[in-house]
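Colleague: Before I ask anything, here is the structure I am working with.
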Amino acid sequence: MGSAVIVPREPGKENRRLVSPCAGVCILHTETKLCLGCYRTVTEIAHWQVMSADDQHRVMAELADRRAADGR
């Protein structure tokens, strides 16, 4: 599976829940504790389905920075 694509929210779509960014590569980095497939924390992965739309959007906005910091 490919990497997640971050799409900016359209005006008026702020309350829309997002599809999980899971990339099907579930390997946790031992130092950062981030999944190397989607760059979410274990807590974010476990709570994705019950997160508010705002929290899902916040996490998605952070993923690009996390991926860039990883340097892969």
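The values are calculated or read from the model by the stated rules, or taken from the named source; none is laboratory data. Just so it is clear, the model here is predicted, and its values are computed rather than measured. Because the Cβ atoms are built from the backbone with ideal geometry, glycine has one as well, and the counts that use them run over all protein chains shown.
Colleague: With respect to G12, is the statement that it is at pLDDT below 90, of a type in the set (G, A, S), surrounded by fewer than 11 Cβ atoms within 10 Å (Cβ to Cβ) and assigned to a loop (DSSP other than H, G, I, E, B) true?
Modeller: So G12 passes the test.
Colleague: Now for a different question. Looking at segment 26-44 only, could you name the residues that are in contact (Cβ under 8 Å) with a residue 24 or more places away in the chain and closer than 22 Å to R16 by Cα?
Modeller: C38, Y39
Colleague: Pairs, please: C-beta under 7 Å, at least 6 apart or cross-chain, first residue among the β-branched types (V, I, T) and in segment 46-67, second outside any helix (DSSP H, G or I) and at pLDDT 95 or above?
Modeller: Sorted first by the residue in segment 46-67, then by its partner, the pairs are V59/R40.
Colleague: Limited to segment 43-72, what total is found for residues that are within 11 Å of the chain's Cα centre (by Cα) and either assigned to a loop (DSSP other than H, G, I, E, B) or surrounded by 12 or more Cβ atoms within 10 Å (Cβ to Cβ) (or both)?
Modeller: 15
Colleague: Quick check on P21: is it at pLDDT below 90 and not in a helix (DSSP H, G or I)?
Modeller: In short, no.
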